[in-house]
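This report concerns only the one structure given below.
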Amino acid sequence: MSLSRLWRKYRRFGLIFSLCLGTILMFASVATSTPSTISSNLPNPNFKSNVELAVNPASQVPSLTENVRQTVLENGLTVLTKEVHTAPVVTVQVWYKIGSRNEEPGVNGIAHQLEHLLFKGTNDRPIQFGHLFSALGSDSNAFTGYDQTAYFGTVERDKLTALLTLEADRMQNARLDPQDLEREKRVVISELQGYENSPEYRLYRTVAKAAFPNSMYGLPVGGTKADVEKFTLEQVRYYYETFYSPDNAIVLIVGDFQTEPTLEKVKELFGNIPRRGEAERKKVLEKQATPINTPSPTTKSTAPIVVKEPGSVPLLQIMYPLPKAGYPDEAALQVMDYVLTGGRSSRLYEALVESGIANSIEGEVSTLAGVGWYGLSASAAPNQRLQKIQSMISQVITSLQTKGVTAEELKRAKAQYKAGAILGNRDINSQAVQLGEAITTAGDYRYTDNLMAAISQVTAADVQRVAKKYLTPAKSSVGYFLPTQLREEVTSQSVNNHQTLANHNSGGRVDPELVNKYLPPISSSAETPSQKVLPESFTLDNGMQVLLFPDRSTPAVTLSGYIRAGTEFDPKNKSGLAGLTAANLLNGTKTKDVLAIVKSLENIGASLGFEEAAEGVSIDGSSLSNDLPTLIKTLADALQNATFPVDQLEITREMAISDLEQGKDDPEFLAYKTLQQKIYPPNHPFHAFPTASSLQSITRAEIVRFYKQHYRPDTMILTLMGDFDSGNVRSLIQQQFGNWKATGKLPEVTFPDVPMPEKTVQLNPVIPGKTQSITFMGYRAISRKDPRYYAAIVFNHILGGDAFSSRLGGEIRDRLGLTYGIYSSFNAGKQPGLFLINMQTAPEDAKKAISSTLSLLQQVHSEGVTNAEVENAKNSISRSYAVELADPDNLAGAILMNRVYGLEMSEIHNFPQQIQAVTTEQVNQIAKELLRPDNLIIVTAGPSLSASR
């Protein structure tokens, strides 16, 4: 399972708790989200000898564990290695078999708390490990789940030994300090409050407790504020010494390395770490051997659990208990899930969403080391009752149980699972995560391969049988979230621009010499740099631009596209027009209705979608390489022949209005929206956001007119990366898009001036029932083609571009413990975008965190940064740049956006040289010109700040 799929699988219900997540502004323009690091060491295209577009069908079912080697050291440490030579990078992950299932009531969340402390340094390296990872250019993080705690990092291949050294050090020498514990307890509580902001999380937590009342699986992974506040250093140390032992851990190494010398290095670094805690682990497991509660229908109420709290949209969750991972029926249940919820052609989507009863329906088979469950979650459409949704779900399940599934459904479900497994494991991080989850959950790294093989043998009778066996109302736990009235208040107050705090240290700065002192040696490399391969580029006669990057490493293709049809073209009082147009492109064409389009994609496990943003519409798709012609033909049909049927338009409109209501209950969205509307004047295209009235006013005729005006080949860029023959693909694109003609004059937009705020202004949109505050602060800054861009990237890395090694991260998060995460960014697009700082805090800490941030910004603005900080930042950015684009999706996106911004093709290789050319003088000029502490708009959404102490 890929890292992204693992994240979606568990994060939706808060089942994984990460050390620190960078906030991605989903609401920013596609043309303003600029990658800060770009790789010139691109993946090896690994061209095959054949020149056919389609590959051998047999090659489309590769073993996900092919070439994996398992080694067990004398101290019990399991090592899994897998050589993947598609890019000059390697990932190291250490998975410990400790999760919330290993805890006890009263210390719920301590495994997650320990995860945080493992970044605080060791006895030999008493320094925040984030500084060391940043110096290596490592993409590093960690998460805690029910069954495991995992630490992961990806580096250039010559940093492999250094990364292994750090992981071996903290396996045995963690520095557990009482002051660090107190600070990180505040950080963890801030994190928990963030999850409590989500109605979905609160409902899941309630339903899970009812489903598994006598098990730690019924309690949240991250614990509760009450438990976290009481953690002692002795308790934390007990769990570290009991569970952080080599015989309870798995080291995974996947990427561009040589197995034999790497295993020798692993033995050298990890082999002498002694076993510990075995007797205590046995006691814990014996204590937790209580059978999972599975009461009979006569002892368990089937009435829904009702949660009535502030919110915006009614929600439904259903959990059906299942056996633990590895049980024989899992394959049939996975197929059943795809039949029920696998896309728009699934039974529940057609019954609920297409009928207008619900806005969404999702399902998931969750299989863990001790238990499992099948979960269904739905959100109600406006004016629809949850009882009706539950009744319709019951009817669909009953039909499945009595009538079974069709041959078409069975084939489609298997194709979706197979494609998802292959497409979700194209990058080395995802491959390592799949191995780690398999071995810690099921005890066998080949678990996913075995499951895929079993799925291929599932019959229609198997699906019907498991539906009857497991999806019974008497065994289910059902929860309703019924929102109470949502109010929104916006208050404005001035802020003392020169407010400082006592005991303010040097801006969270760590001496770079100290970092270098504790940084493990980096292997010297005498390798000849790989040839710099550029994408193939051509332009059709109609102006459509195409970029091709063949890569035969996996039998899959990533499609990325851009067309200038974004919200900048929304007419006044018609905000949402661009969005409704994009959302309806796949809802019918001149030759196919919506179901035919959906099935043509879902029958092969392919995906295709459009998403509007301020400066354009992004196009994202993927498929197995054999199915690329279908993907391209479907895209061409939608862009040239969409018909916008009225029934589908109305469904999409209702979903958009419902999304608006949910946005009112989302502090992150509300804070960002308020900030953007305060910065951009009302006559600016970036000021307006859709409203219910604007969406209701949009007619089909207006959508058709917008489509004809703005969906044109001369603003279209298409990028393909993956397993294909360029010549055949060029012919296919010419055939499908060559007759597409642009009509009329190229639309243009006038962008008025955006004045800098005269003074700092603070706003506090209040959302009832929230437990965490989300703060955004910023102003308009620079465009992507601004000559100061590269210096701004270096400056931002120092200021807040890294979770721990930045000034803001080191001070506000690490030293003061006021936030779960704080970041800064320059969102530079075709137009000047926003400079942003964002953080999440406990409400009572919001004012102090803001004040400390302003004080630090004033300091950096007046004093600048040091030569050593600049050199470290440049090295970190340059070292991480190969890591960034080892992921095929990231590479395709970077190639695309460079063309959107009008950059040279060689930018994909030249970016690190541009970074290395930046001087300290240029960075400090950025601190003077682009850092404006006295002109910030500050928005804190969530609880009222005036009510916080």
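How many of the residues making up segment 402-426 are in contact with an Asp or Glu (Cβ under 7 Å, 6 or more places away or on another chain) and under 24 Å from D147 (Cα atoms)?
Here the count works out to 0.
Of all residues being out of contact with any strand residue (DSSP E or B) (no Cβ under 6 Å at 6 or more places or on another chain) and outside any loop (DSSP other than H, G, I, E, B) in segment 736-767, which is nearest to A941 (Cα to Cα)? Just the residue, please.
F737
Take the conditions at pLDDT below 90 and aliphatic (A, V, I, L, M) and apply them to L77. Does it pass?
Values: at pLDDT below 90: no; aliphatic (A, V, I, L, M): yes.
So L77 does not fit the description; no.
Could you please tell me which pairs satisfy a Cβ distance under 8 Å, a separation of 6+ or placement on different chains, a first residue in segment 170-183 that is without any contact (Cβ under 8 Å) to a residue 60 or more places away in the chain, and a second residue that is polar (S, T, N, Q)?
R170/T122; N173/T122; N173/N123; R175/T122; R175/N123
Mind counting the residues in segment 859-874 that are surrounded by fewer than 18 Cβ atoms within 10 Å (Cβ to Cβ) and outside any loop (DSSP other than H, G, I, E, B)?
Residues flagged as surrounded by fewer than 18 Cβ atoms within 10 Å (Cβ to Cβ) and outside any loop (DSSP other than H, G, I, E, B) within segment 859-874 amount to 6.
Residues checked against (1) more than 19 Å from N827 (Cβ to Cβ); (2) in contact with an Asp or Glu (Cβ under 6 Å, 6 or more places away or on another chain):
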| site | (1), (2) |
| --- | --- |
| A656 | yes, no |
| L660 | yes, no |
| F669 | no, no |
| Y672 | no, no |
| P685 | no, yes |
| S693 | yes, no |
| S697 | yes, no |
| F706 | yes, no |
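Residue-by-condition table, conditions (1) buried (at least 24 other Cβ atoms within 10 Å of the Cβ); (2) modelled with pLDDT under 95:
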| site | (1), (2) |
| --- | --- |
| L799 | yes, no |
| L816 | no, yes |
| Y820 | yes, yes |
| A828 | yes, no |
| Q831 | no, no |
| L834 | yes, no |
| N838 | yes, no |
| P843 | no, yes |
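Sort out which residues of segment 234-267 are closer than 22 Å to G121 by Cβ and surrounded by fewer than 19 Cβ atoms within 10 Å (Cβ to Cβ), and write them in order of number.
E234, Q235, R237, Y238, E241
When you check T86 against the structure, is it of a type in the set (S, T, Y) and touching a strand residue (DSSP E or B) at 6+ places or on another chain (Cβ under 6 Å), yes or no?
On the way: of a type in the set (S, T, Y): yes; touching a strand residue (DSSP E or B) at 6+ places or on another chain (Cβ under 6 Å): no.
It is false that T86 is of a type in the set (S, T, Y) and touching a strand residue (DSSP E or B) at 6+ places or on another chain (Cβ under 6 Å).
Check V594, V617 and return the single one that is at pLDDT 95 or above and under 22 Å from K830 (Cβ atoms).
Details: V594 fails: under 22 Å from K830 (Cβ atoms).
Only one candidate qualifies: V617.
Quick one: which of N56, N50, N67 is modelled with pLDDT under 95, under 26 Å from E268 (Cα atoms) and over 24 Å from the mean Cα position of the chain (by Cα)?
N67
For segment 299-324: of the residues being hydrophobic (A, V, I, L, M, F, W, C) and within 25 Å of the chain's Cα centre (by Cα), which is nearest to S379 (Cα to Cα)?
Step one: filter segment 299-324 for residues hydrophobic (A, V, I, L, M, F, W, C), giving 303, 305-307, 313, 315-316, 318-319, 322.
Pick out the ones that are also within 25 Å of the chain's Cα centre (by Cα) and you get 313, 315-316, 318-319.
Values: V313: 7, L315: 5, L316: 6, I318: 12, M319: 15 Å.
Going through the qualifying residues, I end up with L315.
Which residue pairs have Cβ atoms closer than 9 Å, lie 6 or more positions apart in sequence or on different chains, and pair a first residue in segment 532-556 that is at positive phi with a second residue that is of a type in the set (D, E)?
G543/D714
Looking only at segment 658-679, decide whether some residue is over 27 Å from the mean Cα position of the chain (by Cα) and assigned by TED's automatic domain parsing to the domain that holds T567.
yes
Please pick out the residue among L368, L352, L386 that is under 23 Å from the mean Cα position of the chain (by Cα) and crowded, with 17+ Cβ neighbours inside 10 Å.
Among L368, L352, L386, only L368 is under 23 Å from the mean Cα position of the chain (by Cα) and crowded, with 17+ Cβ neighbours inside 10 Å.
Could you grab the pairs with beta carbons closer than 8 Å, sequence gap of 6+ or different chains, first residue in segment 899-917 and within 19 Å of V870 (Cα to Cα), second one part of a helix (DSSP H, G or I) and among the aliphatic types (A, V, I, L, M)?
P912/I877; I915/I793; I915/V794; I915/I877
For residues that are of a type in the set (S, T, Y) and in a loop (DSSP other than H, G, I, E, B), scanning just segment 677-735, find the one that is surrounded by the most Cβ atoms within 10 Å (Cβ to Cβ). Quick ask: steps written out before the conclusion?
Residues of segment 677-735 that are of a type in the set (S, T, Y), as a first pass: 680, 691, 693-694, 697, 699, 707, 711, 715, 719, 726, 731.
Next, from what is left, pick out any that are in a loop (DSSP other than H, G, I, E, B): 680, 691, 699, 711.
Values: Y680: 19, T691: 14, T699: 11, Y711: 23.
Only one residue fits best here, namely Y711.
Suppose we filter S783, S805, S824 for residues that are at pLDDT 95 or above and over 26 Å from P571 (Cα atoms); which single one remains?
Details: S783 fails: over 26 Å from P571 (Cα atoms); S805 fails: at pLDDT 95 or above.
One residue alone meets the criteria, S824.
Does V90 count as under 20 Å from R276 (Cβ atoms) and either among the polar types (S, T, N, Q) or not in a helix (DSSP H, G or I) (or both)? Let's see the steps before the verdict.
Details: under 20 Å from R276 (Cβ atoms): no; either among the polar types (S, T, N, Q) or not in a helix (DSSP H, G or I) (or both): yes.
Judged against the criteria, V90 is not a match.
Kindly indicate whether any position in segment 768-782 is in a loop (DSSP other than H, G, I, E, B), farther than 30 Å from A842 by Cβ and not β-branched (V, I, T).
Checked segment 768-782: no residue is in a loop (DSSP other than H, G, I, E, B), farther than 30 Å from A842 by Cβ and not β-branched (V, I, T).
With the requirement that a residue be closer than 16 Å to V187 by Cα and of a type in the set (F, W, Y), what does segment 219-245 give you?
The one that is closer than 16 Å to V187 by Cα and of a type in the set (F, W, Y): F231.
Out of the helices (runs of 4 or more DSSP H) lying entirely within segment 882-949, which hold 1 or more residues that are crowded, with 21+ Cβ neighbours inside 10 Å and within 26 Å of the chain's Cα centre (by Cα)?
The helices (runs of 4 or more DSSP H) meeting that bar are 888-900, 907-916.
The values are calculated or read from the model by the stated rules, or taken from the named source; none is laboratory data. Just so we're clear, the structure is a prediction, and the values are computed from it rather than from any experiment. Reconstructed Cβ throughout: ideal geometry from the backbone, glycine too, with neighbour counts over all protein chains shown.
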